[in-house]
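Input: a single structure, listed below in structure tokens.
The values are calculated or read from the model by the stated rules, or taken from the named source; none is laboratory data. Values in this document were obtained by computation on a predicted structure and should not be read as measured data. Cβ placement follows ideal geometry from the backbone for every residue including glycine, while neighbour counts extend to all protein chains displayed. Note: areas computed on protein heavy atoms with side chains; ligands, DNA, RNA excluded. Shrake-Rupley method; radii C 1.70, N 1.55, O 1.52, S 1.80 Å.
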Amino acid sequence: MFVSSAPAFAYSEAATQQFRSGSTAFQAGDYQKALSAFESALAQGMSSPALHFNIGVAAYRVGNYARAETAFKEVANTPAMAGLAYYNLGLVELKRNDSAAANRWFSRVEGATEDARLRQLAAAQLGDVQPAAPTRQWVGYAGFGVGHDDNVALVSNSDVLGISDKADNFAEAQLAFSTPLGESSWRLDAGAMLVDYQDLDSFDQAGLQGGARYRWQLADWTNDAGVQLGYTTLDGSGFESRRAVFIQTGRELRADLYVRGRYRFSDIDGLEEFDGLTGRRHELGAFLDWTRADWDFSFGYRFEIGDYDDGSLSATRHELSLDAEYGFATDWSLLAEASRRRSDYDSDINGNEQRTELALGLTRILTSRWQVFLRYAYTNNDADAAAYDYTGNRFTAGIEATL
């Protein structure tokens, strides 16, 4: 048997929901459902040794030993968890009927941990001694929703570019997937999005994005660096294209705390009549994730400097955010989000603005791959420039799936 599981910490609303679903399914003994949910959390940006450990445990329980091996080898890169990872890698090899390989892993446990119980278990295995089918390593996400927005706004790169002062119904869809590049530490990511309004066609958006990232371990820190490309259309015409490089890092501070940081530089081309969006943007963020009983909390700070050809859009921004998720009744979760952002524009005409965003979401798991959601979001942009001063309410209902 595996020794223990461990908490994981979310990087986003969607990742948090998937991790919560995986934990619930695992406790209920539905290991395939748990594995699918954990893989979805990984695809949506969650990154911690604990998540990889949970993927390994779930994969082992369903007989997916190739995936379990990959996950536990990732865990072994974290010194504090290396002994546990080696022990479980030994169990994987036992299931493959490769006792020699199993003993090699068990023999590494003693030098990697001070945990007496774990050492004893490994020693017992060394005194003792069915192949798994190969599995795909890519993971994906798909979501579709419909809703109503009582004040449709065009927003790009955190800038409000236009307010409709009109309400409309909409449909939206998202698709994303991530796959490793062979046996290396590289991973390829891609995605697509579509927002279609019933009447306000000039606000319809579609976009494609792709990228690659490289992961490495440095002491207790898990690090990623990569590149991203994106292209967006507005009402069927070119809107903007974007190139970005980023670096991010994270580590556990203690069992219930995970800290992470991220820097991204974007080079943006505004297309056609939106050439004023051409410019550069620097983004720096720091986040703290805290898990307590049935609650997950995330505290964030973001700093941004945007410099665009249209000087009225150039600004310096500070944003504070708080997300809290509560899991209840086995398959349900409730998420609350709040953020407050101040923008100081380079242009005296635009002055500054304060944007408040509040959201509440409810999710219900249907199967190992599918879940439904309801979401309400409120936005209040209090701007010196009257053209950008607005409030809006947005309601969305939809379905999501892990692929």
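For every residue, the table says whether it meets (1) more than 21 Å from the chain's Cα centre (by Cα); (2) part of a helix (DSSP H, G or I); (3) buried (at least 21 other Cβ atoms within 10 Å of the Cβ).
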residue: PHE38; (1), (2), (3): no, yes, yes
residue: ALA58; (1), (2), (3): no, yes, yes
residue: PHE72; (1), (2), (3): no, yes, yes
residue: LEU84; (1), (2), (3): yes, yes, yes
residue: LEU94; (1), (2), (3): yes, yes, no
residue: ASN103; (1), (2), (3): yes, yes, no
residue: PHE106; (1), (2), (3): yes, yes, yes
residue: GLU110; (1), (2), (3): yes, no, no
residue: LEU118; (1), (2), (3): yes, yes, no
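Suppose the filter is assigned to a strand (DSSP E or B), open to solvent by less than 40 Å² (accessible area, probe 1.4 Å) and among the basic types (Lys, Arg); does ARG394 pass it?
no
Where residues in region 326-361 are among the aliphatic types (A, V, I, L, M) and closer than 21 Å to THR291 by Cβ, which of them is most open to solvent (accessible area, probe 1.4 Å)?
LEU360
Taking ARG213, is it closer than 28 Å to THR278 by Cβ, in a strand (DSSP E or B) and in contact with an Asp or Glu (Cβ under 8 Å, 6 or more places away or on another chain)? Working first, answer last.
Numbers: closer than 28 Å to THR278 by Cβ: yes; in a strand (DSSP E or B): yes; in contact with an Asp or Glu (Cβ under 8 Å, 6 or more places away or on another chain): yes.
It is true that ARG213 is closer than 28 Å to THR278 by Cβ, in a strand (DSSP E or B) and in contact with an Asp or Glu (Cβ under 8 Å, 6 or more places away or on another chain).
Could you give every pair whose Cβ atoms fall below 6 Å, whose first residue belongs to region 286-299 and is within 29 Å of TYR263 (Cβ to Cβ), and whose second residue is open to solvent by less than 70 Å² (accessible area, probe 1.4 Å) and among the β-branched types (Val, Ile, Thr), counting only separations of at least 6 or pairs across chains?
LEU288/VAL259; ASP296/THR16
Which residues, taken from region 362-374, are among the basic types (Lys, Arg) and either outside any strand (DSSP E or B) or open to solvent by less than 20 Å² (accessible area, probe 1.4 Å) (or both)? Step through it out loud before you land on a result.
First, pick out the residues of region 362-374 that are among the basic types (Lys, Arg): 364, 369.
Correct list: ARG369 only.
Any chance region 254-274 includes a residue that's within 16 Å of the chain's Cα centre (by Cα) and within 14 Å of GLY210 (Cα to Cα)?
For region 254-274, residues within 16 Å of the chain's Cα centre (by Cα) and within 14 Å of GLY210 (Cα to Cα): absent.
In this structure, is LEU322 open to solvent by 40 Å² or more (accessible area, probe 1.4 Å), within 18 Å of the chain's Cα centre (by Cα) and within 18 Å of ARG242 (Cβ to Cβ)? Talk me through it step by step, then tell me what you get.
Numbers: open to solvent by 40 Å² or more (accessible area, probe 1.4 Å): yes; within 18 Å of the chain's Cα centre (by Cα): yes; within 18 Å of ARG242 (Cβ to Cβ): no.
Criteria not met by LEU322.
Listed here are the residues, each with its yes/no results for (1) of a type outside the set (Lys, Arg); (2) open to solvent by 60 Å² or more (accessible area, probe 1.4 Å); (3) more than 20 Å from THR78 (Cβ to Cβ).
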{"residue": "ASP168", "(1), (2), (3)": "yes, no, yes"}
{"residue": "PHE177", "(1), (2), (3)": "yes, yes, yes"}
{"residue": "ASP204", "(1), (2), (3)": "yes, no, yes"}
{"residue": "PHE239", "(1), (2), (3)": "yes, no, yes"}
{"residue": "VAL245", "(1), (2), (3)": "yes, yes, yes"}
{"residue": "TYR258", "(1), (2), (3)": "yes, no, no"}
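Can you tell me how many residues in region 212-228 are crowded, with 17+ Cβ neighbours inside 10 Å and at pLDDT 95 or above?
2
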